[in-house]
There are 4 protein chains.
Amino acid sequence: MNIKQKISVGVLGATGSVGQKFIQLLEGHPFFELTEIAASDRSAGKLYKEAVNWILSTPIPENIANITVKGCNDTFVSKLLFSALDASVAGEIESNLAERGHFIASNSKNHRWDTDVPLLVPEVNPDHLALLKSQEYNGGGIVTNPNCSTIGLVLALKPIHDAFGIEALNVVTMQALSGAGYPGVSSLDIIDNVVPFIAGEEEKLETEPKKILGAFAGDHIELADINISAQTNRVAVLDGHLETVQITLRKKATIEEIIDSWENFTSEPQRLALPFAPIKPVHYFTEAKYPQPRLHRDLDKGMATSVGRLRPCSLFDYKFVILSHNTVRGAAGGSILGAELMAARGFFS
Amino acid sequence: MNIKQKISVGVLGATGSVGQKFIQLLEGHPFFELTEIAASDRSAGKLYKEAVNWILSTPIPENIANITVKGCNDTFVSKLLFSALDASVAGEIESNLAERGHFIASNSKNHRWDTDVPLLVPEVNPDHLALLKSQEYNGGGIVTNPNCSTIGLVLALKPIHDAFGIEALNVVTMQALSGAGYPGVSSLDIIDNVVPFIAGEEEKLETEPKKILGAFAGDHIELADINISAQTNRVAVLDGHLETVQITLRKKATIEEIIDSWENFTSEPQRLALPFAPIKPVHYFTEAKYPQPRLHRDLDKGMATSVGRLRPCSLFDYKFVILSHNTVRGAAGGSILGAELMAARGFFS
Amino acid sequence: MNIKQKISVGVLGATGSVGQKFIQLLEGHPFFELTEIAASDRSAGKLYKEAVNWILSTPIPENIANITVKGCNDTFVSKLLFSALDASVAGEIESNLAERGHFIASNSKNHRWDTDVPLLVPEVNPDHLALLKSQEYNGGGIVTNPNCSTIGLVLALKPIHDAFGIEALNVVTMQALSGAGYPGVSSLDIIDNVVPFIAGEEEKLETEPKKILGAFAGDHIELADINISAQTNRVAVLDGHLETVQITLRKKATIEEIIDSWENFTSEPQRLALPFAPIKPVHYFTEAKYPQPRLHRDLDKGMATSVGRLRPCSLFDYKFVILSHNTVRGAAGGSILGAELMAARGFFS
Amino acid sequence: MNIKQKISVGVLGATGSVGQKFIQLLEGHPFFELTEIAASDRSAGKLYKEAVNWILSTPIPENIANITVKGCNDTFVSKLLFSALDASVAGEIESNLAERGHFIASNSKNHRWDTDVPLLVPEVNPDHLALLKSQEYNGGGIVTNPNCSTIGLVLALKPIHDAFGIEALNVVTMQALSGAGYPGVSSLDIIDNVVPFIAGEEEKLETEPKKILGAFAGDHIELADINISAQTNRVAVLDGHLETVQITLRKKATIEEIIDSWENFTSEPQRLALPFAPIKPVHYFTEAKYPQPRLHRDLDKGMATSVGRLRPCSLFDYKFVILSHNTVRGAAGGSILGAELMAARGFFS
């Protein structure tokens, strides 16, 4: 795809950890030019470099450091706004901005279950973007990212679901610390420890895959008929959610057929060669000890899901392990890929 | 119970990590007096303090430090020998010593599936000790400890199984590093990481509960009819295995009934007030974020199983979380409690 | 020492991490009975168990859990109040309460440099308690604990300073996370990392030893003439500050003489056999790899300083390593030992 | 610099952790083509992918995976051989291969103190390469890398030493786990811990800077007259050695002058624009909390030294903190940069 002129974009909630990741990942982006930054009233009016407690290992991009931070109710010139707002404020701000004609690519949970809002994973349900037509915003719209523990999972489930139908899904997560934001989890709570509870997380994992894997039905999504149980844990890992997965299928499948479905999985972002699209959305490892968070979270720019240990299960049909980078694929990078897809389809021109 | 004279005991494999734990836990034991220490030929003949690379935070007991280490084929005066031998050598050494009239309380996997060998968890299957009558060793015998990830689990399952019958069991573990021995897991493999594979561990978890929860049938154990699936992971925790558990029951049970079964669970070790018996074998936590390895592994001398988060499951009847100290309850401490039970029954007099 | 009747005490700032440690350590104390608990206005009026986010691995003592939390400006019946107040409020609250006749054993920095306030380490400068006579509080008084990185250090320096005189002191710390309170250091800042800066810490280490090792001079302390340089770092350790130390002496000393001075060091708390007094204030390890935080922080109830690796230095006379538990000896436990000394001297009768 | 034809190179000790790093870093190198791989007899004859337990997060380069591993006494066609051999065997193998006409770029300690062997840090002492003329190897020669904790340090010291003269140097390290090789440090020894001892490390830090900063004197190096004391610690960090440094200068210098000397420091590798040369060998951070291992170890391809916290010291003139990547700049990357310098000077043509 060729872009004649870069599209101006903004980031809402730009000082938080996901906001910073947006800024890091958008540096030098071939489609998008980050020109507007907004955060809470506490930060508004300051230079970005003075408003932010930057925690990433690459420096603040030079052209961003001296941008003056806006408030989230200010006027924006960018058609496209990425939202890393906290759920406590995101709902209303995002609606208002959509009403004022902006497209919001949101990481917050607030609008995920709005009937006419896509819960988008670009390789999985690009057709759900058509829901935007049903939205009654004034020329704008809202597209949401699923929860960080859901995204990597549905990438691995999609080719299996298409080929064999998933009837039951059991997932147990070992989730990274960056998923809790910054400062997030106290070091005193997690060193030499595991916390077997993440507030609200299991509910998201038990519902979001049904919408994402559901069928577009004009003005809404028919939820996929999958029985899901989730258990979520926080472990002493910086980035990368590891999940053990068990599935029962509607049609019989061999191990080889499932691995083939992963290896051959490709979708619209790959066909369009979108900048953030992983070359292979799903990588299968044959070594029993893989995937591992530190070794594989950055695979394919952090945008691929790694899978391993596929084997029969005595209670379900199969069990396996998946790994996905929670702040790249599971948050900022996933949103950017979604926006790339929208750009390719002409939403912003 | 009163012991008139302490029972002389030995430890085989005394220089390894489990062997050290035996020595630490036996210090000042009211029943047992540790008088004999054996290890590989490399260590035999040396003073214990010179043979061992002691890794525990309490010092080597003074009366042990200067004992001369024996070889495992030497002659022992102690009727009871605790075995922390490596599986590569344990099978034959343990058989030979039993043949020579010793009782072996073993942590190795080698004899666990011998038809006439108890896989003992003293609160769960004390009646299985009667298998010893079937053993054809010359006045001696072999009793085994289950795998460290199994012991804490079956303690939590036993009262449920007795009251309601467990039909299906799904378990995903997050296991501590000490379970791999010393030096065991390289720091380069586990800091900022999880390893989703432990060789041979899932097989043990999928089979051992069936024997432990099985019925004594004269000269063998009728395996419990439970369909089990296990997935095992290594996390950056020093001690304490955390496990997510899902169960389907044969009879309906309410949450309150299950919690009551845990809270009221007591068994022969408690009635005999054995020194290593936890006051309550199972502790249920009502806080959603508990149990946690660092906070609760040492509960009740490290001999109790902690349980939390009991809630309905959409795929099984219930799901919950358990935690157990893998080198105390799951290894040395579990063996000692078993030997205490045998002492109380007069095996060594 | 015999106590006929327990002394009623209170804890100020009881919901914070040091406050919790006070409550944990005072459970079952032979001299003191904890009867009053105070915290910020946000907590005042609630039951303690409802006001606190308890982070320790032992449960809240049962008799404490249901005490109603007071505000810090309320009336207290206890003569002795331990203060774990934050430095932002401690100064004034402590002065007011001393004025109202209470003795304050404080862990805050606010009054440490008041001319007439002892900076007490009971084994090191018990004579400094005589400063209390100069305080013009109305029957009450203030005694302070040094910073957590100072206490373990001066315990190791005291016998050397007495015997040979310390002229120069260079110290580099690797400090535990609990020293920053709770939630304190974010896990995202310290896993796989070291932070080479702790605000205000180097200044304390470069000045406090001069007062502690100084000479009582009637109504003030003559500072010890020691040239000190400190560098402080935060490492991924839960408890226990490790410090590399270099010293130049005024009189020549051999390695044996220095080790002897540590091994023979004993002081008034040991002679009085105070409950929290370590049997040996300083333990010297001969193994090159010791002391280590996880292995030795709990030595002698967490109240001893561990020392190792004493060797000549090409820039100073000697270099060595020390380790001390920062929340026990370095905070709550140190305060309690100081109060025990005051009790033994009759301050509260 | 332009290279018409790539230079064939080999790696000795290719299966170990430094050997793997060589292979990772040499992938796609503009000067060098890795064609020969050697390891111990145990690995010789196998395909590299079968001989190695690969621990890096990037995969084995495809063209390397299927190379058959040689023994170290086999015949090599490459003029240049990088050595990651263990010190127990490196001395003799390296001498033999140099004798047979190869240039050895070695990371082992064995030949570092040979009078005629350069201890090369390309930005610091490129003139020491002239020592090679004195070597009596048959057309070959040996060049050595300093210890990983020395390299980053001398990069920061060089511009200061040139401008003001360093008289005394005190250094305390907090070193990464990868410095101990693989499996190296057991996870049970370092989680929630610090080990205040690394065998042989302090001796290297107290001597190697004197040779590196010394003056070329025809057939040997006049050691720099610097009084050095070192203390070394192992911390729970994967990569990146952090060091606190104190220096006394022969000539007075202001803080600004020292920072300027770092900021302006550039040398022959920069002038030649060698592929592995950092753009700036020394980066000074003004934020008090920087540098930090995880945030800054990869700066400038992992080849730069990060410096921060320069401030006056009451015992020395100044104190500051340095950070350097121990397996990149401190081992494989440093060797490669040295070889690039040799290539630029025509050693291999």
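Bear in mind these aren't lab numbers, they're just calculated from the coordinates by the rules spelled out. Just so it is clear, the structure is predicted and the values come from calculations on it, not from any experiment. Methodologically, a virtual Cβ is constructed for each residue, glycine included, from the backbone with ideal geometry; neighbour enumeration extends over all protein chains shown.
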Among rounded, prolate and oblate, which fits region C:121-247 when a ≥ b ≥ c are the square roots of the eigenvalues of its C-alpha gyration tensor, a/c under 1.5 means rounded, and a/b larger than b/c means prolate?
oblate
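Just tell me how shielded B:177-188 is by partners: mean number of partner chain Cβ atoms within 10 Å of each residue's Cβ, no decimals. Write down the numbers at each step before the final one.
Details: counts 5, 2, 0, 3, 2, 4, 7, 4, 5, 10, 18, 15.
Mean partner shielding for this stretch: 6.
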Shortest first and in nm with one decimal, please list how far the B:Val77 label point sits from its counterparts in the other copies (point 7 Å along Cα→Cβ).
6.1, 7.2, 9.4
May I ask you to sort C:Phe197, A:Phe265 by Cβ crowding, counting other Cβ atoms within 10 Å and putting the fewest first?
C:Phe197, A:Phe265
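Could you work out the helix-only [θ] at 222 nm for chain C, with each DSSP H run of four or more residues adding -39,500 (n - 2.57) and the total divided by the number of residues, to the nearest 500 deg cm²/dmol?
Taken over chain C, the calculation gives -7500 deg cm²/dmol.
Percent antiparallel among DSSP beta bridges with both residues in chain B, to the nearest 5? Write out the running numbers ahead of the final one.
On the way: 24 of 57 bridges.
Of the beta bridges lying entirely in chain B, close to 40 percent run antiparallel.
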Tell me, what is the percent relative contact order of chain B, built from C-alpha pairs under 8 Å that lie six or more residues apart?
17
In debye to the nearest 20, the charge dipole size for chain A, taken about the Cα centre with +1 at each Lys and Arg Cβ and -1 at each Asp and Glu Cβ, equals 540
Charges at C-beta only: +1 for Lys and Arg, -1 for Asp and Glu. How large is the resulting dipole of region B:148-326 about its Cα centre, in Debye rounded to 20?
320
Summing +1 per Lys or Arg and -1 per Asp or Glu among the other residues with Cβ less than 12 Å from A:Ser8's Cβ gives 0
Taking the dipole about the Cα centre of region B:148-326, with the C-beta of Lys and Arg at +1 and of Asp and Glu at -1, give me whichever of B:Ile279, B:Ala224, B:Gly214 is farthest to the positive side.
B:Ile279
Return the inverse of the average 1/r over all pairs of distinct C-alpha atoms in chain B, which is the Kirkwood hydrodynamic radius, in Å to one decimal.
20.3
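Compute, for the protein assembly as shown, the length of the dipole vector about the Cα centre, with Cβ point charges of +1 (Lys, Arg) and -1 (Asp, Glu) only. Units Debye, rounded to 20. Walk me through the intermediate numbers first.
Values: 124 positive and 160 negative charges, 1 e Å.
It comes to approximately 0 debye.
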Compute the separation of the alpha-carbon centres of region A:291-349 and region A:164-212 and state it in Å as a whole number.
15
Neighbour-count order for B:Glu243, C:Glu27, fewest beta carbons within 10 angstrom listed first:
C:Glu27, B:Glu243
Show the residues, 5+ positions off or on another chain, whose built amide H is closer than 5 Å to the amide H of C:Arg234.
C:Gln175, C:Val195, C:Phe197
Would you list the P(r) distribution for region C:85-180, with all Cα-Cα distances sorted into 10 Å bins from 0 and each bin expressed as a whole %?
15, 41, 31, 13, 1
Per-copy distances of the A:Ala199 label point, shortest first, in nm (7 angstrom along Cα→Cβ)
2.5, 4.4, 5.0
Tell me whether region C:256-297 comes out rounded, prolate or oblate; compute the Cα gyration tensor, take square roots of the eigenvalues as a ≥ b ≥ c, and use a/c under 1.5 as the rounded threshold.
oblate
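Give me the compactness ratio for region A:24-75, meaning the Cα radius of gyration over 2.2 N^0.38 Å.
Values: Rg = 11.3 Å, N = 52, 2.2 N^0.38 = 9.9 Å.
Relative to the 2.2 N^0.38 Å estimate, region A:24-75 comes out at 1.14.
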By the gyration tensor of its Cα atoms, with a ≥ b ≥ c the square roots of the eigenvalues, what is the shape of the protein assembly as shown: rounded for a/c under 1.5, prolate for a/b over b/c, or oblate?
rounded
Return the lysines within reach of D:Lys251: Cα separation strictly under 26 angstrom, same-chain partners fewer than 8 residues apart disregarded; answer none if there are no such residues.
D:Lys158, D:Lys210, D:Lys211, D:Lys280, D:Lys319
Give, as ranges by residue number, the residues of region C:19-35 whose backbone N falls under 20 Å from the point 7 Å along Cα→Cβ of C:Ile279.
C:30
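Translational D (Stokes-Einstein, µm²/s) of region C:259-334 at 37 °C and 0.692 mPa s when Rh comes from the Kirkwood sum over C-alpha pairs? Display every interim value, and only then the final one.
On the way: Rh = 13.1 Å.
Once the numbers are plugged in, D ends up at 251 µm²/s.
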Around C:Ala90 (Cβ within 13 Å, Cβ-to-Cβ, excluding C:Ala90; K/R +1, D/E -1) the net charge comes to -2
Take the rotation relating chain D to chain B, measure from its axis to every Cβ in chain D, and name the nearest residue with the distance in whole Å.
D:Ser187, 2
Region A:93-114 and region B:226-283: distance between their alpha carbon centers, rounded to Å:
46
A:Val9 long-range amide H proximity, modeled H, under 5 Å
A:Glu33, A:Leu34, A:Thr35, A:Glu36
Using the Cα centre of chain A as origin and beta-carbon charges of +1 (Lys, Arg) and -1 (Asp, Glu), tell me which of A:Pro126, A:Ser83, A:Gln292 is placed farthest towards the positive end of the dipole.
A:Gln292
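Average the reciprocal distances over every distinct pair of alpha-carbons in region B:148-326, invert the result, and give the Kirkwood radius in Å.
Values: mean 1/r = 0.0596 Å⁻¹.
Across region B:148-326, the inverse of the average 1/r is 16.8 Å.
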